[in-house]
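The values are calculated or read from the model by the stated rules, or taken from the named source; none is laboratory data. These numbers come from a predicted model, not from an experiment. Every residue, glycine as well, gets a Cβ built from its backbone with ideal geometry; the counts of neighbours run over all protein chains shown. These area figures cover heavy atoms from the full protein model, side chains too; ligands, DNA and RNA do not enter into them. Shrake-Rupley method; radii C 1.70, N 1.55, O 1.52, S 1.80 Å.
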Amino acid sequence: MEIVVKDVVKYYGQYPALRGVTLEVPRGVFQCLIGPSGSGKSTLLHIVGGVDKPTEGEVVVAGTRLNDLNDDQLAEFRNKNIGFVFQLFYLIPRMSILENVELPLILRGVPKEKRREMALEALRLVGMGHVDPKKKPTQLSGGEQQRVAIARAIVTRPRILLADEPTGNLDSATAKVVMDTFLTLKKELGITIVMVTHNLELLTYCDRYAKMRDGKIIETG
Ligand code: ADP
Ligand code: ADP
């Protein structure tokens, strides 16, 4: 299993955001999380990504038991294994799309030529290979900007992609283009994807889903 969450409880102060969650995701699977606002989906995603720590329970991701890691080790774990995509794209407007995608590589000290090559390959993988990489994010449509954000998330070749409402700001036709991008990444890279979504139309793209309510998984399929 690429992701194992076992009996996880998460309290924010007195408030139980997760009340005993068990979830296993095999490698290379596209897992969706659905359920109403406040049901704990983002919290679960943060715990899988090593952003948040569980109050109780065990979390093993990409072969690493996250319970055993301190904050520095968690940061290292995230850098190595996890790509994040959000509802808002968080691209840097003054930088070209190529520079945006190169950013995680700059932070890792990858040399310029190699960086460029990897960023162009990531843009190609998300179906943005035909777009002038010198363009600025604001010159692109919302769906194109999200695909650039996905390219930035996968340019370091993480094993796992975590997406929190990645289509929340997109119309439904564009949302499907983003889903096709995820399917391509799954096929080409064998990457494991966990996506939180409100859009039930997108469930057809997922291999599995888990429905949450009040901090628990109440249904799976
Ligand atoms: P156990 O081995 O303790 O029975 P499992 O890991 O088999 O626990 O699963 C416990 C519960 O979590 C099951 O009810 C299952 O429906 C749910 N579950 C586990 N993995 C997933 C998944 N990837 N997607 C949805 N639900 C899951
Ligand atoms: P969802 O993603 O399903 O909308 P969340 O995981 O964001 O749900 O939130 C679950 C519950 O935990 C909500 O009631 C939310 O208000 C609470 N919560 C989430 N993050 C925090 C936090 N950092 N501090 C306090 N409460 C939080």
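A few points about this structure:
- Tail fraction, Cα-Cα pairs, region 1-121, threshold 25 Å, whole percent: 36 percent
- Shape call, region 1-67: gyration tensor on alpha carbons, a/c limit 1.5: oblate
- Summary value for the chain: 31 percent relative contact order, contacts being C-alpha pairs under 8 angstrom separated by 6+ residues.
- Projecting label points 7 angstrom from Cα along Cα→Cβ for residue 216 and residue 106 puts them 4.8 nm apart.
- HN-Hα J in Hz across region 99-109 - Karplus 6.51, -1.76, 1.60, θ = phi - 60°, x for Gly and Pro: 5, 4, 6, 6, 3, x, 7, 4, 4, 9, x
- Sequentially through region 170-187, phi angles give Karplus couplings (6.51, -1.76, 1.60; θ = phi - 60°) of 10, 6, 5, 5, 5, 4, 5, 4, 5, 5, 4, 4, 4, 5, 4, 5, 4, 5 Hz, Gly and Pro residues having no value and appearing as x.
- Farthest toward positive dipole pole in the chain [+1 Lys/Arg, -1 Asp/Glu at C-beta], among 16, 183, 194: 183
- Take residue 220: with every protein chain present and a 1.4 Å probe, its accessible area is about 100 Å².
- Size of charge dipole - region 135-209 - debye, nearest 20, with Cβ of Lys, Arg +1 and Asp, Glu -1, no other charges: 380 debye
- Overall form of region 35-104: oblate. Here a/c, set by the Cα gyration tensor axes a ≥ b ≥ c, is 1.5 or more, and a/b is not larger than b/c.
- For the chain, the Cβ-based charge dipole about the Cα centre amounts to some 420 debye (Lys, Arg positive; Asp, Glu negative; other atoms uncharged).
- Along the chain, longest interval not containing exposed trypsin sites (Lys or Arg not before Pro), exposed being DSSP loop plus at most 12 other Cβ atoms within 10 Å: 1-93
- C-alpha center-to-center spacing [region 150-188, region 56-77] in angstrom: 24 Å
- Of the whole protein surface, residue 106 contributes about 80 Å² of accessible area at a 1.4 Å probe radius.
- Taking a ≥ b ≥ c as the square roots of the Cα gyration tensor eigenvalues, the chain comes out prolate, since a/c reaches at least 1.5 and a/b is larger than b/c.
- J(HN,Hα) series, region 131-146, from Karplus relation 6.51 cos²θ - 1.76 cosθ + 1.60, nearest Hz, glycine and proline x: 8, 4, x, 8, 5, 8, x, 5, 7, 10, 6, x, x, 5, 5, 5
- When the pairs 10/186; 136/176; 136/211; 41/112; 53/211 are compared against a 27 Å limit on Cα-Cα distance, 10/186; 136/211; 41/112 fall above it.
- Two-site label geometry, residue 204 and residue 130: point separation in nm, points 7 Å out along Cα→Cβ: 2.3 nm
- Computed [θ] at 222 nm, helices only, for the chain once each DSSP H run of length n ≥ 4 contributes -39500 (n - 2.57): -10500 deg cm²/dmol
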